[in-house]
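Enquirer: A single structure is presented below for examination.
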Amino acid sequence: MKEVTFIRPSLAQEFTEDILTSDTLNRFSELVHTKVADGRTLEEVRRDRVEARPAKQARLDAGEPLDFRPADEVITFLDGTTMTVKEIREADWKVNGQPPQFDG
């Protein structure tokens, strides 16, 4: 397993036994190293996007419009299921509230 660094260790320790089990961390490590369609790992994709942020922000600051994916574009998820961007946007998404421990 790769090393995991916690931003707020005291908060992380409170939830480690319940949420961040050894099995969960192993699965997360596997996920980060999963290959995407172009052969890069998800971690490589993440790093590339983080590196590209300043240039993208500069273009937006200069007036470049946001570039959203077309509604008919098909997205393939890691489990192989597919949805169009339109279907994703129109789906009935539900998100539970944030636990009070994460406030502040």
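Enquirer: Among 35-41, 95-101, how do they line up from the highest to the lowest mean number of other beta-carbon atoms within 10 Å?
Expert: In decreasing order of mean packing, 35-41, 95-101 become 35-41, 95-101.
Enquirer: If you don't mind, another one. State the extension gain, in nm to one decimal, for the chain segment bounded by residue 82 and residue 69, taking 0.36 nm per residue of separation less the distance between their alpha-carbons.
Expert: 3.2 nm
Enquirer: Moving on to the next point. Calculate the FRET efficiency for residue 25 and residue 62 from the Cβ-Cβ distance with a Förster distance of 35 Å, rounded to the nearest 0.05.
Expert: Step by step, r from the Cβ atoms, then E = 0.25.
Enquirer: From Cα coordinates alone, what are the radius of gyration and Dmax values for the stretch 12-62 in angstrom?
Expert: Gyration radius and largest Cα-Cα distance of the stretch 12-62: 16.0, 47 Å.
Bear in mind that the values in this text are calculations on the coordinates, not laboratory data. Keep in mind the model is a prediction, meaning the values are calculated, not measured. Backbone-built Cβ (ideal geometry, glycine too); neighbour counts: all protein chains shown.
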